[in-house]
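The structure appears right after this line, and notes come after that.
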Amino acid sequence: MRGVSMAARSDGNQTKQRLLEAASEVFAERGYQDARVSDICKAAQAASGAVNYYFGSKEKLYLEAWEWAWREIDRKEPMGGVDPDAPPEERLRSLIKSLLHRILVHGKKSQAGRLLLQEMRDPVQAVRPLRKRLIRPTIQEFRRSIEEIAGQKLDQRAAEHCHMSVMHQCLAIGFRGGHKPPMLSGGRRFTHAEIEYLVDHITAFSIGGITAIAAAKKGA
């Protein structure tokens, strides 16, 4: 009986894992409101009542899928991924690159980024605390890099505005044409070369803006 119980538990864990993986993709592709539990169960090859059995509700599954997607990408490809003592310009470029990859690369690697875009389009109140907790480390790293590039010459308001400007350059591309996931004109997917070009452009544009604002603050 013990062997049967352990086998059943293993099967249950596998089913729950498949549901999380399927839900992350369906929610990332369609958003919370348009995602159907029946489609998630079908994609996970699970019984129609599996979501309620393992998670209790669609909303609770959404919360767990959000956390799972962000933990997975953080585990496989940490945000930034460079030495924390590297020059701030290098750290900023790495952060921009990571964020763009989480939005523009197709497949599982962009699930977390696409979930974020869906939340920005159509927020779900219940996920707000979780979203803040998961994204806070990234925000802190962006701000640290920006403040160091500016030579600590920015007040809090200016630092926040610089941070918003950098982040929103990346996120705005995710909304390009309303595509889910984002595409170029003509329905073309972003290639790695095009993403690298965007990384270089946004980095150069941002560093130029940050240093100009810092210089203006110094001369004021």
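Yes/no per residue for (1) within 11 Å of the chain's Cα centre (by Cα); (2) in contact (Cβ under 8 Å) with a residue 12 or more places away in the chain; (3) surrounded by fewer than 16 Cβ atoms within 10 Å (Cβ to Cβ):
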residue: R93; (1), (2), (3): no, yes, no
residue: K97; (1), (2), (3): no, yes, no
residue: G107; (1), (2), (3): no, no, yes
residue: A112; (1), (2), (3): yes, yes, no
residue: V124; (1), (2), (3): no, yes, no
residue: V127; (1), (2), (3): no, yes, no
residue: R136; (1), (2), (3): no, no, yes
residue: Q140; (1), (2), (3): no, no, yes
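Filter the stretch 94-121 down to residues that are of a type in the set (V, I, T) and in a helix (DSSP H, G or I), then give me how many there are. Residues flagged as of a type in the set (V, I, T) and in a helix (DSSP H, G or I) within the stretch 94-121 amount to 2.
State whether one or more residues within the stretch 167-182 are part of a helix (DSSP H, G or I), farther than 19 Å from G107 by Cβ and modelled with pLDDT of 95 or more. For the stretch 167-182, residues part of a helix (DSSP H, G or I), farther than 19 Å from G107 by Cβ and modelled with pLDDT of 95 or more: absent. Determine whether the stretch 62-82 contains at least one residue that is farther than 25 Å from H106 by Cα and surrounded by 13 or more Cβ atoms within 10 Å (Cβ to Cβ). Within the stretch 62-82, not a single residue is farther than 25 Å from H106 by Cα and surrounded by 13 or more Cβ atoms within 10 Å (Cβ to Cβ). Restricting attention to the stretch 1-29 and to residues that are surrounded by 15 or more Cβ atoms within 10 Å (Cβ to Cβ) and farther than 17 Å from E72 by Cα, the residue that is modelled with the lowest pLDDT turns out to be E29.
The values are calculated or read from the model by the stated rules, or taken from the named source; none is laboratory data. It should be emphasised that the depicted structure is a prediction, and the values quoted were computed from it without experimental measurement. Every residue, glycine as well, gets a Cβ built from its backbone with ideal geometry; the counts of neighbours run over all protein chains shown.
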